[in-house]
Each structure stands twice: as structure tokens, then as C-alpha cells.
Amino acid sequence: MCGIVGYIGFRQAAERVLEGLQRLEYRGYDSSGIAVLDHDAEVSVQKAAGRLDRLEAALANGLPDSSIGIGHTRWATHGAPTDGNAHPHLGGGCANGQGQSVAIVHNGVVENFRNLKARLEVEGYVFQSETDSEVIAHLIDSCLKQIMAEGPRVTDDIDDSPCVAAVRQAVSQLRGTYGLLVLFRHKPDLLVAARLGSPLVIGVGDGEYLIASDASPLAGHTNRIVYLADHEVAAITRQQVRVVHRDTGRIEPAVQSLELAANDVGRGDYAHFMLKEIYEQPETIRAAMRGRLDHDNATAVFGGLNLTPSQLQAINRVVLTGCGTSWHAAMVGEYLIEEFARLPVEVEYASELRYRNPPISKNTLLFALTQSGETADTLAALREMKRKGHPTLAICNTVGSTIASEADGGIYLHAGPEIGVASTKAFTSQCVVMALLALYFGRLRHMSLEQGLAYIEALEKLPDLVSESLTVEPVVRGIAERYRNAGTFLYLGRQYNFPLALEGALKLKEISYIHAEGYPAAEMKHGPIALVDPLTPTVFLIPKDGVYEKVILNLEEIKARKGPVIAVVSKGDDRVSELADEVIELPACPDFLNPIVASIPLQLLAYHIACFRGCDVDKPRNLAKSVTVE
Ligand code: G6P
């Protein structure tokens, strides 16, 4: 959701910024824009509603030569996705004819923008857009004028310059969140970045810097990165980065190493990122387990929980929270932790948990599951639980993200960047981490050494089982072609496969725009069965597990109403094969691993149906990869 890129150095800024914006497309957006500063101290701006190719077309005549620029992809919140509402926004340009002094790009929400706008209008500022962000541009201009009016500041320190002071003053008046990048018309050697609740990173080069709202634009350009923290303002020149914290003053920016190659953010020979990410799963599952299986003690080990075994031993309740696909992984976690660790678990939508104020007893541990680490509702739920004094841990894919930084500790997925909006590899990695946690908590409680070892042995076979599952792609593609015109799909499963039914339905909705519902198989009789007809396919998750016979009964109920059945079964299951219209055979595995193994055909089914329908698989309409607004 919204992306920021800025460049300062010696290369063509417009090219660098545009390339960076392309790498951020996956976040979801509906308009874009770019601003560069030319040699005559003029800010040239180009904006376009719609996809980035419209901006590229508008730029065909070229932006002026410039080695400093900022760009943005916008996902509309305040104001429609029009050219005018796209960023960058210019500040200054009063009705009395004064020129514009700043250009800004902003991620986040300015909650008090109406008050600020009213005040700035009284000062004479003329607003060109319906956005909340434009107030920031005028506010910086207003602060700058005031600072200059107070007389010249004699300082050699860039972080104490009037421009930086103006940004600091301006952001101190904002209520809400911001990742902000500012270009000053009369400062061709300065970009100012500021962050509160919306990420910004700075890629460090030699004589050049690339600033972005996540690390993907940096890949292949630099492996040195500075993660800006909340309340920090960075002054970036071609020679240096200076960082000032609101409370502690100047701080030394920590330059960390970035393990992200250009390949990680490219799609290689795959038609879509989603397909690439589906095929990466044997490896990402291995990565989620790497170094975390302790055979000697038959348990799992985690480096970053930051809680002692005795603190964890005292935990008597677990709350798992997240949104979307992460919420489904949390549901898989509920089944796993309750079965293997005998710990009561509750799964809460983060958007509900943040306001619901449920009674939560002492010794409750919260896990926030999030691929991006930036989802606004998940962050708010985590903060609320922290505020109440509960230990909070993040299960997260994006290193250095806000949720990863704010949680007391956590577990990284190590799945590499997930670019396709529909989450695939992050889901299976989250399920693997849930399985590791079930083992860990189980071994702290009732699970015997032998049981622990058997569990580890099963987990170690998982990457190969997933590789084998991927071989069903041609079968799934055939099914997708036959059912691509259905208006509604049902997904049914029981126990471990109920969360997977929800996830399968979500995948299909997200990328093919077909209505789909996931249900516990038996619950289907209490409503959804009314939808069943010869044109409404039902996907049954029906491996040979503890509830196999029961699910067959549900399948017969659908067949009796002439509903077509697509059955995902264990290899060699002749019984279901005779009943179902379509069969997808998967390798047999222990019940608790089935949601991971069986997620493969469901991802592939959604993918191929979306392709047959001509949908934009990686960038589905209206969706954003990370939802940073409430
Ligand atoms: C958005 C994405 C979903 C994702 C959800 C939670 O809605 O489109 O694919 O599951 O956010 O994201 P998170 O990054 O917190 O896992």
C-alpha cells in the first residue's frame, strides 16, 4: 500500500526512481508520480492515475536531467485516484504568487489534516488536491518561511539546517502516521526523510543514496541499509546521512547489511511472481526450519524469543492474531498448539482485538503473525497487548519491519521477499513456524522425547512432500480450465483442513474475483448447501486422516444435490475417486502437516483459474500487499 522511492547521487534520478517504483508495484497502488530538481532549481513533476506504465508513457518526453528526485505509488485513501491527487505534492505556491519550495511524497494518514488545512488556508496556501498529504507540503513551507524570517542560522551541520528544522517542526504537528520524503527547490544536495509508523529505509552507496519504503528497490544496487526508526528524521546529501531523533537528538545511523539480491525481487522465467513463489516453497519451508530443530532434546530452538524457558513455562494461554492469510495461519497454529502443547489458544482478528478489550489473564502470550510486519491493525493489536503488559512476539517475514521491531521478540520466516499480493510461501512458512512452536511448547510440557523425535522426523520430510505436491500442477491446470467460469466455489475441510478451506477460498477470491466460501465440511449443511447446484463446484479437502469417513458423508451430501466435487485426496484413494468429479492426489502425510502439503494445489487452482480469466494475478484489483491503514 503506497510506495516511496527517492534518489540522490550522480545518476539519472528519474530512471532510478522509476525502477524503484516498479519494484514496489506489488504493494498495491492506483496512481503514481515523480518529481526531480533540475539545474535551474525548478521542480519538475509528472503524475498519472492508473498503473505505472501510464506514468512511464507520460515520461516518454523525459524529465529534465537530474541526479536528485522522489517518487510515489499511491493507494487512495483521502481523495479519488486521480492525476491531481497523486504524489508528489508541492508546498508553497501561495495565492500571492510565491513559488513552491518543496515537493513531498508521503505514506500514512494525517488524521488532523482538516485542522491543519484550515489554518494553512488562512495563511494563504492554495490546495490543489483532496489529499491529506498535501498539508504536509504546505506545512513544511510555512515552517521554513518562519525559520527564515527569524534570521539566518549559522550552521555547518546539515541536520541543523533550516530545511531539516522545518521538517522536524512540521512533523511534530502531525497526528497520524508518516513515511515522508522531502525535496527542497533550493537545495539540490539534500533530501530529508522522516518516519513515524510507516517504514523508510536508506540504501547506502558510494556518493549516492536510494531511499525507499521497503528494501526491494535497493536489491542489486547496494547491500548496505539503514532502517529509519519512528520519530527519526534523516538529512541525506551525496556525502552523508545524518539522523536526528525527536527525543535523543543526533544519533549515529546503524548501517546494516542487506541480504537481498536482484534475483530475489525478479520473477526469473516464471510468468508471475505468484507462480515463482509457489514453486519456492520446498526451499522456503526448509529455510523456516533451518537451525531450529534440536534432535538431542527433541525440540525446536529459536534465537529471538527473548523470553526464558521458565517465563515460557509459566505461559498458560496463547493469543494468536493477524489479518487475512496470516489469520488463517494462526488458525492452523491453534489446532497445532492445542493438540501438541495442550495450551489453550485463541485466534483473534487483529482489527477486532485492537478494540474489543477482551479480559486477558496474566501469563498470556501474544503472537502477531504478519508477512509484511506493517499491517496497521496487527500493529495496533500488538501495541494494545503490550500496553496491558503481556509479552508479545512477532512471526514475521520482513526483517526490520515495524512489528518485528516493536515486539518483545519473535521468529522470522526467512521466506525471502513475497511480491505476489496473494500470499503463498509466507503462509506455508507461518504454518511451519506454528508447528515448531507447538513442538517447543509441547516439549516444555507433556510431549515425550520419543514423540518429539517422531514429530521432528515428520517435519524433516515436509520439503520433499511439498515438492511432490507441486507435480500435480498439470492436473490442477486442467481442472482450472474446466471450472473457470463458475460463479461460486465452496471449499470444505474439517479439523486441520478447515483453516485451509478458508485460505483456499480466500486465494480464489483475491485473484480470480470469483465468489468463494470456506467452511468446516459438516457446517456446510447449515446454510451454504443452499448454494449447491450443478454449476457450483465444491473443493473437498479429504486426506486419509482422523475425520476421513465423516468428510465422505459430507461429500455424498453435495453429490446428492448434483454439485460437482473437486477432491484433494491422499494418493491411491480409490473410494473418493469414484465419488468425485475431479481428483487431485497428494502424498500421504501426518494429519498435522496436511494444511501445508494441501495448500499447494489450492494455490495452483486459484492461480490457473485467474490466468484463464485474464486477471492480473500479481496485482489484483483493490488489494494491497501490506495494508498500512485501518
Ligand atoms: C493484505 C494482503 C493479504 C495479507 C494481509 C495481512 O490484505 O492482501 O494477502 O494476508 O494483508 O498481511 P500481513 O503482511 O500482515 O501478513
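Miscellaneous remarks
- Rounded if a/c under 1.5, otherwise prolate or oblate - the stretch 140-234, Cα gyration tensor axes: oblate
- Of G9, L586, S129, farthest towards positive along the dipole that unit charges on Lys, Arg, Asp, Glu beta carbons give the chain: S129
- Rg and Dmax [Cα atoms of the chain; Å; Rg one decimal, Dmax integer]: 26.1, 87
- For the stretch 193-272, the residue among N263, V233, T222 whose Cα projects farthest onto the positive side of the dipole built from Cβ charges is V233.
- Relative to the globular-protein estimate of 2.2 N^0.38 Å, the Cα radius of gyration of the stretch 1-160 stands at 1.05.
- Eigenvalues of the alpha-carbon gyration tensor of the stretch 465-549, scaled by 5 and square-rooted, set the equivalent ellipsoid semi-axes at 20, 19, 11 angstrom, largest first.
- Shown for the stretch 67-130 is the translational diffusion coefficient from the Stokes-Einstein equation, using the Kirkwood radius over Cα pairs, a temperature of 37 °C and a viscosity of 0.692 mPa s: 253 µm²/s.
- Check: the stretch 385-465 dipole with +1 on Lys, Arg Cβ and -1 on Asp, Glu Cβ, in debye: 380 debye
- For the stretch 567-630, averaging the sequence separation of C-alpha pairs within contact (under 8 Å, six or more residues apart) and dividing by the residue count gives a relative contact order of 22 percent.
- For the stretch 272-420, average projected area of the Cα convex hull in nm²: 9.0 nm²
- Under 14 Å from K544, Cα to Cα: aspartates and glutamates that are on another chain or at least 8 residues apart: D573, D574, E585, D591
- Residue pairs, from the table K145/K187; K276/K550; K47/K619, whose Cα atoms sit over 25 Å apart: K276/K550
- Dividing the radius of gyration of the alpha carbons in the stretch 1-61 by their Kirkwood radius gives 0.96 for Rg/Rh.
- Ordering L453, S467, T536 by the projection of their Cα atoms onto the charge dipole of the chain, which places +1 on the Cβ of Lys and Arg and -1 on the Cβ of Asp and Glu, puts T536 at the extreme positive end.
- Its Cα gyration tensor gives the stretch 364-485 an equivalent ellipsoid. The semi-axes, each the square root of 5 times an eigenvalue, are 30, 24, 11 Å from largest down.
- Relative contact order %, the stretch 243-330, counting alpha carbon pairs below 8 Å whose residues are six or more apart: 9 percent
- Computed from the C-alpha gyration tensor, the three semi-axes of the ellipsoid equivalent to the stretch 259-355 are 30, 21, 13 Å, from longest to shortest.
- The simple spin-label model puts a point 7 Å past each Cα toward its Cβ; for A530 and Q146 those points are separated by 6.0 nm.
- Of every Cα-Cα pair in the stretch 79-184, the percent that sits beyond 25 Å: 15 percent
- Environment charge at R224 (Cβ cut-off 15 Å; Lys +1, Arg +1, Asp -1, Glu -1): -4
- Mean separation of Cα pairs under 8 Å and 6 or more residues apart, divided by the residue count, gives the chain a relative contact order of 12 percent.
- For the stretch 426-576, convex hull volume per residue from C-alpha positions, Å³: 136 Å³
- Span-like helix check, the chain: no full DSSP H segment qualifies, none having both a Cα axial length of 30 Å or more and a mean Kyte-Doolittle of 1.6 or more.
- Antiparallel bridge percentage (DSSP; both residues within the chain; nearest 5): 60 percent
- Charge dipole magnitude, Cβ of K and R +1, D and E -1 - the chain, Cα centre, debye nearest 20: 920 debye
- Put simply, the amide H of C589, placed in the peptide plane, has no neighbours under 5 Å, leaving out anything fewer than 5 places away on its chain.
- For the stretch 492-630, the spread of Cα positions along the three principal axes, ordered from largest to smallest, is 44, 33, 30 Å.
- Percentage of interatomic Cα-Cα distances in the stretch 331-400 larger than 17 Å: 44 percent
- Taking chymotrypsin sites (Phe, Trp or Tyr not before Pro) across the stretch 493-567, the ones in a DSSP loop with at most 16 further Cβ atoms lying within 10 angstrom of their Cβ are Y513.
- Evaluated with a Cβ-only charge set (Lys, Arg +1; Asp, Glu -1), the stretch 431-473 carries a dipole of roughly 340 debye about its Cα centre, given to the nearest 20.
- Dividing the radius of gyration of the alpha carbons in the stretch 150-294 by their Kirkwood radius gives 1.09 for Rg/Rh.
- Percent carbon-and-sulfur accessible area, the chain, ignoring ligands, DNA and RNA, probe 1.4 Å: 48 percent
- Qualifying aspartates and glutamates (Cα of each under 17 Å from Cα of K509; at least 8 residues distant if same chain): E481, E517, D616, D618
- Hydrodynamic radius (Kirkwood) for the stretch 541-613, which is based on Cα pairs only, to one decimal in Å: 12.9 Å
- Computed from the alpha carbon atoms alone, the convex hull of the stretch 165-215 holds 78 Å³ per residue.
The values are calculated or read from the model by the stated rules, or taken from the named source; none is laboratory data. Values in this document were obtained by computation on a predicted structure and should not be read as measured data. Note: ideal-geometry Cβ built from the backbone for every residue, glycine included; neighbour counts use all protein chains shown. Accessible surface is based on the protein model in full, side chains and every heavy atom, while ligands, DNA and RNA are left aside. Shrake-Rupley method; radii C 1.70, N 1.55, O 1.52, S 1.80 Å.
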